[in-house]
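**Student:** The structure under discussion is supplied below as C-alpha cells; questions concerning it will follow.
Quick note: the coordinates plus some simple rules give every number you see, no bench work behind them. Note that the structure is a prediction, hence the values are computed from the model and not measured. No Cβ is skipped: glycine too gets one built from the backbone with ideal geometry, and neighbour counts run over all protein chains shown.
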Amino acid sequence: MKALYRALSAALGALALCAAQAQPSTATEETKGEAPPPPPPPRTEWEGALGLLLEYKPAFSGSSETKVKPNLAGFVRWNRITITGAGGFTTREQSDVERGIDAEIVRRGRLKMNLALRFDAGRDQSSSDQLTGLGDIKPTVRARLGARWDFAPQWQFSLAASGDILGKQGGTTVTAGLSHAIPIDAHQRVLFGAGITAGTARYMQTWYGITPEQSAASAYPVYQPGAGLRDVGASATWRIDFDRDWAGFASVSEGYLLGPAADSPLAFRRSATTYAAGLVRRF
C-alpha cells in the first residue's frame, strides 16, 4: 500500500510539473499579439442536484449474472467541497462530481487535485447465488486522492489512489484514465473514456480470493492472488442539458478483467458491459 501511494505521489508531482510547463506566459501571448483565453464561467457559491440513476450491470465483478439497480442520485456543492451519493452527474459548469465527501485541494491552471472520503458498501453474498458460502465483505470507508490534468482542449488525464482507511481488508487500488469530450452543440456532448486499475494483494484477496474456510463452505478451490492489474475498460457517455435546471445522460461501458482478477474462480466472465442512464434537476 505504501509503495502504491509513493508511486502515486511521484506521478502527481510529474503531472504538476507538466501542467506548470504547459501554461503559456502572458508575455509570450502579448508578444505574439494573441488574445488570452476567455476566463472560465464564474462559480456560484453553492449548487445542488437531485435525480434518479438506473444501471444494468453484473451482480458483482466477474459475475455472469446481471441485475437492474435504481438509485437516487444527486449532490450538494459549496465552493470546493461536494457531497454526493451515486455518481454520473456534472455541475452547471460541466465539472465531474466525485462520489462521497470531496474537497478540491489544488486548482492550478489545467491541474486539479481532489481528496475524497467514500463509503464502500462491500459485498453481500445474498446478492448472487454465485457468492453462496463466501460470506460478506464488510462495508468500510475509503480515502481517495486524485488528480485531473486538462492537457489539451477537450482532453483529460486522471490518476487516483483509493485506500481502506478503516483497515477492514479493503486494500488499495490505483487507477489511471484518459477521456475526450466531443461537443455536439451548446447543450449536448459525447465523452469517450478509457482506464486501467491495479490493486494490492490485500484488495485482490478480499474481492477475488478464496480462503480455505470459504473453499470448505463453497464449491470453489482455494485461491490466493497477489497484487496486480484488476481490469481495463472503455466507455461512451452522452450528456444533455435540457435547460439550466434539467439534465440527463446515458452511457455504456465495457470492462475486461486482467491479471490476478481474471484468474480467480469468481471470474465467470472476464468481460462485462454496464448500461446506465440518469435524469437530474439542478438547483
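**Student:** Starting from the Cα of Tyr256, step 7 Å along the direction of its Cβ; do the same at Ala152; then give the gap between the two resulting points in nm.
**Tutor:** 2.3 nm
**Student:** What do the square roots of 5 times the Cα gyration tensor eigenvalues come to for region 100-185, in whole Å, largest first, as semi-axes of the equivalent ellipsoid?
**Tutor:** Working through the eigenvalues yields semi-axes of 33, 17, 10 Å.
**Student:** A further question follows. Report the net charge of residues surrounding Phe283, where surrounding means a beta-carbon distance below 12 angstrom and charges are Lys +1, Arg +1, Asp -1, Glu -1.
**Tutor:** Working: positive: Arg77, Arg92, Arg244, Arg281, Arg282; negative: Glu47, Asp245.
Residues near Phe283 contribute +3 overall.
**Student:** Could you give the alpha-carbon Rg of region 183-275 over 2.2 N^0.38 Å, rounded to two decimals?
**Tutor:** This ratio for region 183-275 stands at 1.52.
**Student:** With Cβ to Cβ distances under 13 Å as the rule, what net charge do the other residues near Ile184 carry (K, R +1; D, E -1)?
**Tutor:** 0
**Student:** When we measure straight from the Cα of Lys67, which aspartates and glutamates land under 18 angstrom away, once same-chain ones fewer than 8 places off are left out?
**Tutor:** Glu55, Asp124, Asp129, Glu254
**Student:** Note down the net charge around Gly167, summing +1 for each Lys or Arg and -1 for each Asp or Glu among other residues with Cβ under 13 Å from its Cβ.
**Tutor:** +2
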